[in-house]
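Worksheet: one structure, shown below.
The values are calculated or read from the model by the stated rules, or taken from the named source; none is laboratory data. Note that the structure is predicted; figures quoted are calculated from it, not measured. We place every Cβ from the backbone using ideal geometry, glycine too, and count neighbours over all the protein chains shown.
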C-alpha cells in the first residue's frame, strides 16, 4: 500500500505543479504535447536537451520504482521526503525544459534554411 499510495500522491503533486507553473506561459496541454517532439528532436541531434531528458527520465524511474532510497515505513515522514524532492524537481524540470523547447521551436520556425554567403 505504501508505494502505491505514494505514487498516486507523487503524480497528483506533479499535476498540481505543472498546472500552477503554467501561469502566463504555454498551457499544460501544449507542454505535454511538446514532450514527444522534444524527445524526437533530441534523438535526431537537433535539440540540445539530451542530458536534461536523461535526468528527467531517471527522476521519473525513481518515483515509480518500488525500490526506495529512504523507505517510508521505518523513516515515516522522512521516507516521503526523497520522493517529494524528486517530484518537485521533476515538475520544475518539465516546466522549464518544455518552455525552453517551445521557444526553440518558434525560433527555429522563423529561420530560413540556406547557405550563409560571406
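Can you find, within region 68-110, the residue that is farthest from the chain's Cα centre (by Cα) among those that are at pLDDT below 70 and assigned to a loop (DSSP other than H, G, I, E, B)? Among residues in region 68-110 that are at pLDDT below 70 and assigned to a loop (DSSP other than H, G, I, E, B), the one farthest from the chain's Cα centre (by Cα) is 76. Under the condition of being modelled with pLDDT of 80 or more, outside any helix (DSSP H, G or I), in contact with a helix residue (DSSP H, G or I) (Cβ under 9 Å, 6 or more places away or on another chain) and surrounded by fewer than 18 Cβ atoms within 10 Å (Cβ to Cβ), the residues counted in region 33-67 number 2.
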